Amino acid sequence: MSSFVERYLNETRQILNAVNVPTIEHLAQGLSAVRAHGGRLFILGVGGSAGHASHAVNDFRKICNFEAYAPTDNVCELTARVNDDGWESVFIEWLKGSRMTQSDALLVFSVGGGNKQQNVSVGLIRAIDHAKELGAKIFGIVGSADGYTAQEADVCVVVPPLFPARRTPHSEGLAAVFWHLLVSHPDLAQTETKWESLTK
């Protein structure tokens, strides 16, 4: 095994050992409560996190019977809004068009979580502000405790940035671990996955 492979995997183990486990449990409970009250789940992410959002929507819908959506799944609407109105308003206008209410929730996947001062991920910030104004729940899985998502969310799992040189791959890689944990959690999972059903 190469020294880099060993180092990367050891870093991953250290990060997992440093994660706040009760926060993940609170996130599962929070998501379960939203679903129990008939709320919808809107999952936001940009870049690689947009891919996470799409995959997670599938899992929450199919495994957890949770009505879930990602605005980045509709490339026609996404690019029309970017072209006509600009990137920063894409998510908030999509949420308005979806008639988000206080019964619904946001789940944000992001490395930094947004930063007003540095003008980073403003689209996420505006969506979070809109959800707050409505009284909707805000959840996150991010790689920074200092970002806007972590500061404003009701519950936010932070991937500890123990290795700054690889903050993005660790944050995005472990975000996938955590949402798969969530859709497998007994408070959320309702439908058995295919391969598990075949190996009984």
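The values are calculated or read from the model by the stated rules, or taken from the named source; none is laboratory data. Predicted, not measured: the structure shown is a model, and the values here were computed from it. In this analysis, Cβ positions are derived from the backbone assuming ideal geometry, glycine residues included, and neighbour counts consider all displayed protein chains.
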Looking across the stretch 98-133 at residues that are more than 19 Å from the chain's Cα centre (by Cα) and at pLDDT 95 or above, the single one that is farthest from residue 71 (Cα to Cα) is 133
Run residue 145 past the list (1) within 18 Å of residue 24 (Cα to Cα); (2) surrounded by 23 or more Cβ atoms within 10 Å (Cβ to Cβ); (3) among the hydrophobic types (A, V, I, L, M, F, W, C) and report the number of the one that doesn't hold.
(2)
Residues that are part of a helix (DSSP H, G or I) and crowded, with 19+ Cβ neighbours inside 10 Å, drawn from the stretch 39-62
49, 52, 53, 56, 57, 59, 60
So which residues in the stretch 148-162 are more than 23 Å from residue 32 (Cα to Cα) and within 14 Å of the chain's Cα centre (by Cα)?
148
How many residues does the stretch 116-130 contain that are in contact with a helix residue (DSSP H, G or I) (Cβ under 7 Å, 6 or more places away or on another chain) and crowded, with 16+ Cβ neighbours inside 10 Å?
8
If we scan the stretch 142-160, do we find a residue that is in a helix (DSSP H, G or I), of a type outside the set (Lys, Arg) and touching a residue at least 40 places away in the same chain (Cβ under 8 Å)?
yes
Are any residues in the stretch 72-115 under 20 Å from residue 38 (Cβ atoms) and out of contact with any helix residue (DSSP H, G or I) (no Cβ under 9 Å at 6 or more places or on another chain), and if so, which ones?
99
Test set (1) assigned to a strand (DSSP E or B); (2) free of Cβ contacts under 8 Å to residues at least 24 places away in the same chain - residue 106 fails condition number:
(2)
